[in-house]
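A short write-up of the structure that comes next.
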Amino acid sequence: QFGLLMEGFAGVLTPANLLWALVGVTIGTAVGVLPGIGPALTVALLLPITFRLEPSAALILFAGIYYGGMYGGSTTSILLNAPGESASLISALEGNKMARAGRAAAALATAALGSFVAGTIGTVALTFLAPVVADVATTFGPPEYVALMAVAFVTVSALLGPDLLKGLSGLLVGVTIGLIGIDTQTGQPRLVFGINSLLDGIDVVIVVVALFALSESFGHLLTGTGHSTVEPMRGPAVLSRSDLRRSWPAWLRGTALGFPIGSLPAGGAEVPTFLSYTVEKKLSHHPEEFGHGAIEGVAGPEAANNAAAAGVLVPLLTIGLPTSATAAVILTAFQSYGLQPGPQLFTESGPLVWTLIASLYVGNVMLLVLNLPLVRLWARLLTIPAYGIYAGVLVFATLGAYAAGGTTVDIVVLCVLGLLGLLMRLAGIPVAPAVVGVILGPLAEQQLRRALTLSEGDPAILVSGPITIGLWTIAALSLLL
């Protein structure tokens, strides 16, 4: 495999492919920063205009956008409390508190360095462990997924709300939104109230933008934040020794959680980021800082996010199974070039695959070079008047929502959900569990129904193996603790 990887580097280290990698990571970082415009949408928009490119160049571009989006998503989370990606929700919790305390540069620096460390380790794991991890992932059946979702639900509800009841309330709001549309098994419409545009459900991009970006903007409109969203940045735009000492163990732990869970079908990046936050909160020597700007609460989840991004490519490349929206669009890109990801891809299109994997190493280095020197530049956004920032957030959020669906109904839904998010904030109900409910609720329902179909209605199948019992035990302990 090492020899094949070296051949991949020979393929990617050409002027043309290096240029495409640079374009990809730059666009990816930019769209990650903009609320509502994520890598999946960007790749989808670029698909028609890249058909004239060589397959390797197009896939290098898309992979750069994917990785860059993971980096950039933390920027608006930290500076504006408006995540550009659902996997960046946790970064907003502690990162924005750090920014409000004048430590935006440290938060952005630990996010960038953690992303680099996790992305590199994740890519190494992708290179050498992909077949093994894919074999483990294929052993998961519906009962295991139900138990995994239960762990995620309990963790989110217990840790992201002021209390368990409000956390569960936010989660249930999200699950309800996620159930809107046609029931895939019965074909019956649910919660659409006669509106045909809702039959396909509500795009998760619109939900994330509405509950975070719009409700945040509406909240500032009500309270009147003056001319600065946060206090001016203090200190150097680098990590101090103390911050580095607190960050690097969190980076490694986040990577250890992110890659294997990201490799699981339906694992995604959301579950490991929330679990990483849980772990850091329990292991921290400064638990009193959590909720007020703990740097571990940024370092661990950001590392988990980027490691999961590498993990998502394992089932995509080895068994042809996309586990995220961006991976699904990239799968479409493969198919448009007559390539079918799966076990035969490494043998039939080996040079292309190894060039793509090598480009991830190159892209990670490019992203670090692009992001670290710009930390102070990003932090200068703090000096822009609040009304200017949130006016821009509203514009880009609306454009992103319209681009995601392309109808005026999407704008109406965006505004309605934005007002719902505002009411939740005023009632003290956290919006982060709601977004997790939107993403994981339909998946949990689908896997639960599959499990009960397999067992002919016997719920004992949900605790039928050591993995499920272990996961349910973790969920119970999380609930109690």
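The values are calculated or read from the model by the stated rules, or taken from the named source; none is laboratory data. For clarity, every value in this text was computed on a predicted model and none was experimentally measured. All Cβ positions, glycine included, derive from the backbone under ideal geometry; neighbour counts span all protein chains shown. SASA here: full protein model, heavy atoms, side chains in, ligands and nucleic acids out. Shrake-Rupley method; radii C 1.70, N 1.55, O 1.52, S 1.80 Å.
Working out 0.36 nm times the residue gap between LEU374 and THR139, then minus their Cα-Cα distance, what length gain in nm do you get to one decimal?
Result for the pair: 80.3 nm of gain on full extension.
In plain terms, if you count all Cα to Cα distances in the stretch 401-477 and split them into 5 Å steps from zero, the share in each step is 3, 12, 12, 16, 16, 11, 8, 12, 9, 1 percent.
Note on LEU129 and LEU426: the model spin-label points, each 7 Å out from Cα along the C-beta direction, lie 4.8 nm apart.
In this structure the amide hydrogen of ARG190, modeled in the peptide plane, comes within under 5 Å of the amide hydrogens of GLY181, ILE182, ASP183, none closer than 5 places in sequence on its chain. Between THR176 and THR453, how high is the FRET efficiency from 1/(1 + (r/R0)^6) when r is the Cβ-Cβ distance and R₀ = 25 Å? Nearest 0.05. Computed FRET efficiency for THR176 and THR453 comes out at 0.60. Sorting VAL173, VAL43 by solvent-accessible area of protein heavy atoms yields VAL173, VAL43, largest first, with a 1.4 Å probe. Using θ = phi - 60° in the Karplus curve 6.51 cos²θ - 1.76 cosθ + 1.60, the 3J(HN,Hα) couplings for the stretch 208-221 round to 4, 4, 5, 6, 9, 5, 5, 5, 5, 5, 4, x, 5, 5 Hz; x is entered for Gly and Pro.
Computed over neighbours whose Cβ is under 15 Å from that of LEU399, the net charge equals -2, Lys and Arg +1, Asp and Glu -1.
Tell me the carbon and sulfur percent of the accessible area for the stretch 54-119, rounded to whole percent, probe radius 1.4 Å. Within the stretch 54-119, the accessible surface is 59 percent carbon and sulfur.
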